[in-house]
Structure formats: C-alpha cells, structure tokens
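Engineer: Take a look at this one; I'll ask things after.
The values are calculated or read from the model by the stated rules, or taken from the named source; none is laboratory data. In this text, all values refer to a predicted model and were calculated from it rather than measured experimentally. Neighbour counts run over all protein chains shown; Cβ positions are idealised from the backbone, glycine included. Just the protein is used for accessible areas: all its heavy atoms, side chains included, with ligands, DNA and RNA removed. Shrake-Rupley method; radii C 1.70, N 1.55, O 1.52, S 1.80 Å.
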Amino acid sequence: MKLRYAESRHRFVSGEGFALGEDYRLAHLPLCVPGHARAISAVPGKDYLDGRYATPRHALALHVAAEALDASAAFRAIDTALRESAVARKVAWATNAKRRDVLHATVAGPVDDATARAYETRARAFLTAPVAVRLGGPFIGNRNHGRIYLPVHPAGADDPLAALQRAIGARESGFYAVGLWHLTDDLDPAEAAALAAWRDRWENETVLNIPAARFGILTTTDDQAIHSPEWRWIDSGGGR
C-alpha cells in the first residue's frame, strides 16, 4: 500500500476562498466554536449531538508527545509562521491547548469495544520491535476542510503501519495524519492564499523523527479526543 498523501492533497485555486467542509462542520466545528452558526449539531438516527457521541469510540492510534513537538525547531517555526499569518485569527488556538495529551494519528478505527480489544491483543503480538516514523510538514487534504495535519511517514522504505494494519485485521489506509490546527470559519480569497503559501513553504519539512513510536487504544466520545480520553498503552518496543 503506497502512501496516499499526494493524491489526497488539497489544490488551492487562485482567487478562491476556502470553505469549511460539511464533515468538518459536523465533527470538529461544534467542539472548536460551540454554537457556531455553520456547525452541524445533530444527525438523524445517530447518537451524536454537538460534536459528541453518546457511545464511546475506540481506535488504535499512534501517540505524539506534545513535549517532543515543543522541542522541535521546525515545528516551532511552522507554528510561529501560522500565528503571524493572515489566517491566525481564524485558528482555534485554545483547541490546541486542550488536545496536548491526545495528539495522535489513527491507525485503525473507530470501532466497538470488542473489536478494539482484539486489535489490542494482535497489536501487542506484532509490536515486538520499535517502529520508526517521522512527521512531515503541514498537510491539508481534499476532505475535512478546516483541519490541518502533520502527516506520518515511515522512516524507511517499508511501511510498518500498513503491516500493523494487516496484522490486526484492519483495512490498509496509506494515510496516517496527526490533526493539529483547526479553523474557526471559512477563509476569504486572501486568507486562503495565505494558508496555501504557508502550507507550500513548510510541507516538505521534517518536523519530528520518532525512533520508537508509542501506540495505544484511545477511547473518547468525540473526534478530537478532548472529552474523557483514555489510553491503553502498547509500546512499539514490546512495552506495556
């Protein structure tokens, strides 16, 4: 399975704005800006209200330590450049602070509890040696408009995350990204151009090298993992 970042990358068009996507307005905007007029509050037939689910959701996830990002000169430069750009006033900076302990890239999920426990057992059996990955520069996809990611890349030629997905019986995705920045509203053409320029300037940077990624089953009741998050840790070096 090849990585899908290139084919999933958003193409900005000169003179056009950047509208928040329906999927983003459903899952993320109610959490970033409660009561926002463009937020989608509920979905008929689903246990969902204002960004939260009644039933907890579980996923096998790769954890990223906020302290490691803080120590990265590349990350600090990227974050500072966004804070100094014309887009800064439409970034939910308070959301970043709430999510410091739950930064992650989903490997498989969301799934029910029984499936998550099966994933955990199989992942523990598979993760007997460290998994090395690196985080690339900012990624903006062609869906979930409003969320900006740091993509996860294998450190070598092989993709250990695809191998992990196969080992636990999950679908191979070719896409593993850490949701990091969140927009609070649509962007006008000038703001969209500023976002595009920022992305283009930094997207080929290596933000962080992780020689031994930490994995866990992450349980929460929202797509940003800010409400009652719980981790069951599975280290890639055969740890707990």
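Engineer: Show me the helices (runs of 4 or more DSSP H) entirely contained within segment 1-87 in which 1 or more residues are hydroxyl-bearing (Ser, Thr, Tyr) and either under 18 Å from His104 (Cα atoms) or within 16 Å of the chain's Cα centre (by Cα) (or both). Outline the logic, then answer.
Structural biologist: Details: elements: 5-8, 22-27, 29-32, 66-70, 73-83.
Correct list: 5-8, 22-27.
Engineer: Condition first: closer than 30 Å to Val87 by Cβ, in a loop (DSSP other than H, G, I, E, B) and open to solvent by less than 30 Å² (accessible area, probe 1.4 Å). Can you find one or more residues in segment 167-174 that meet it? Before the answer, list the steps.
Structural biologist: Kept after step one, since they are closer than 30 Å to Val87 by Cβ, are these residues of segment 167-174: 173-174.
Next, from what is left, pick out any that are in a loop (DSSP other than H, G, I, E, B): 173-174.
Imposing the further condition that a residue be open to solvent by less than 30 Å² (accessible area, probe 1.4 Å) reduces the set to 173-174.
Yes, segment 167-174 has at least one match.
Engineer: Take segment 113-171 and flag every residue that is within 30 Å of Asn204 (Cα to Cα) and hydroxyl-bearing (Ser, Thr, Tyr).
Structural biologist: Tyr149, the sole residue that qualifies.
Engineer: Looking at the structure I just gave you, is Gln224 part of a helix (DSSP H, G or I) and open to solvent by less than 60 Å² (accessible area, probe 1.4 Å)?
Structural biologist: no
Engineer: Limited to segment 198-224, what total is found for residues that are in contact with a Ser or Thr (Cβ under 8 Å, 6 or more places away or on another chain) and free of Cβ contacts under 8 Å to residues at least 12 places away in the same chain?
Structural biologist: Here the count works out to 0.
Engineer: Can Leu164 be described as open to solvent by less than 50 Å² (accessible area, probe 1.4 Å), closer than 15 Å to Leu62 by Cα and part of a helix (DSSP H, G or I)?
Structural biologist: Working: open to solvent by less than 50 Å² (accessible area, probe 1.4 Å): yes; closer than 15 Å to Leu62 by Cα: yes; part of a helix (DSSP H, G or I): yes.
Here the answer is yes, as Leu164 does meet what is asked.
Engineer: Still on this structure: Out of segment 188-219, which residues are in contact with a helix residue (DSSP H, G or I) (Cβ under 6 Å, 6 or more places away or on another chain) and either of a type in the set (Lys, Arg) or over 16 Å from Gly137 (Cβ atoms) (or both)?
Structural biologist: Ile217
Residues are listed down the side, and each one gets a yes or a no for (1) open to solvent by 10 Å² or more (accessible area, probe 1.4 Å); (2) within 23 Å of Ala94 (Cα to Cα); (3) within 14 Å of the chain's Cα centre (by Cα):
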site: Leu150; (1), (2), (3): no, yes, yes
site: His182; (1), (2), (3): no, yes, yes
site: Pro189; (1), (2), (3): yes, no, no
site: Ala194; (1), (2), (3): yes, yes, no
site: Asp200; (1), (2), (3): yes, no, no
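Engineer: For segment 100-119, indicate whether the set of residues that are modelled with pLDDT under 95, within 21 Å of Ala225 (Cα to Cα), open to solvent by less than 40 Å² (accessible area, probe 1.4 Å) and under 19 Å from the mean Cα position of the chain (by Cα) is non-empty.
Structural biologist: Scanning segment 100-119, I find no residue that is modelled with pLDDT under 95, within 21 Å of Ala225 (Cα to Cα), open to solvent by less than 40 Å² (accessible area, probe 1.4 Å) and under 19 Å from the mean Cα position of the chain (by Cα), so the answer is no.
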